[in-house]
Amino acid sequence: MSTPKPKEVLVLDGVGKVYPGAVPTRALEGISCRVSAGEFMAIVGASGSGKTTLLNLLGLLDSPTEGRVWLDGLEVTALTSDEAAHLRRDRMGFIFQFHYLLPEFSALENVLMPCRLAGGGREEEQEAWVRSLFERVGLTSKIDRRPNQLSGGEQQRVAILRAVANNPLVILADEPTGNLDSRNAAEVFGLLREITRESPRTVIMVTHDRELAAKTDRVMTLRDGRVESDTAAG
Ligand SMILES: Nc1ncnc2c1ncn2[C@@H]1O[C@H](COP(=O)(O)OP(=O)(O)OP(=O)(O)O)[C@@H](O)[C@H]1O
Ligand SMILES: [Mg+2]
């Protein structure tokens, strides 16, 4: 049995997922892995190999049909869905391929949203910190724009700020650069790398881009719902 060791942020033991339906689909089988604090990991694999399914399990957006999952030493497969939702809100940051910024809110409000939902810290302090993040990525002049008044690359940078603003333990990204050209993709990836290096956070990123994957610490390759390889990158 593989219970978590200190510093292991995510631990999966024999995790599997079958989607129910007229013809049930097995998406994952026998996945075991340990992700340490501060690790930047890429998940690669062919379309349909189970990458998004795995990311959803790691992000507590879905639960496995077999196996156990621990987040920061806590067994999440033993939690109720309400408890998992709280944990997800407090500890996880998400970046999706299509950024899902809220169209009726400004860039600034979009980034502040998770901080406000989580409560806790003081609002002025959070806003000052978020404004400094915008400064860092060169978007200060566009802070009051709505998402549809920003380019795709700018929207994706805002989405990254939103994912890190709440200081999550784990950042999960599904093809964060998938709809960007190579220059913007490199810039957005660089930003994610830089921000998470400064104050170490665990990042798990699904990508089709082998070049970007090679710039992470570790690459897990899925094939037909199983781990084909899991190696240090570089
Ligand atoms: N909600 C669902 N219901 C039924 N089957 C699903 C569901 N979501 C995914 N699947 C199936 O599970 C398998 C893995 O899908 P998943 O989305 O995890 O793949 P992926 O590796 O992310 O692919 P892509 O690179 O195309 O995004 C596929 O066979 C897919 O058809
Ligand atoms: Mg996918």
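Laboratory data are not the source of any read-out in this text; all were calculated from the coordinates shown. For clarity, every value in this text was computed on a predicted model and none was experimentally measured. Cβ atoms come from the backbone with ideal geometry, glycine included; neighbour counts cover every protein chain shown.
Between helix 123-136 and the chain there is an angle of about 90 degrees, using the helix long axis and the longest principal axis of the Cα atoms. The convex hull around the C-alpha trace of the range 1-78, projected and averaged over every direction, spans 5.5 square nanometres. For the range 138-184, rounded, prolate or oblate, judged on the Cα gyration tensor with a ≥ b ≥ c (square roots of eigenvalues), a/c < 1.5 rounded, else prolate if a/b > b/c? Cα axes put the range 138-184 in the oblate bin. The Cα atoms of the range 120-209 give a gyration tensor whose axes a ≥ b ≥ c have a/c of 1.5 or more with a/b no greater than b/c, which makes the shape oblate. When the Cα convex hull of the range 68-221 is projected onto planes of every orientation, the mean area is 9.8 nm².
Taking N as the residue count of the range 1-149, its C-alpha radius of gyration divided by 2.2 N^0.38 Å amounts to 1.24. For the chain, the longest principal axis of the Cα atoms and the long axis of helix 107-118 meet at an angle of about 50 degrees. Kirkwood analysis of the Cα pair distances in the range 161-234 returns a hydrodynamic radius of 13.1 Å.
Highest mean packing first, where packing is the average number of other Cβ atoms within 10 Å per residue, the peptides 49-57, 178-186, 157-165, 31-39 line up as 157-165, 49-57, 31-39, 178-186. Tell me, what is the percent relative contact order of the chain, built from C-alpha pairs under 8 Å that lie six or more residues apart? Here the relative contact order equals 28 percent. With everything on Cα atoms, drop me the angle between helix 152-165 and the longest principal axis of the chain, reported from 0 to 90° to the nearest 10. Orientation of helix 152-165: about 70 degrees from the principal axis.
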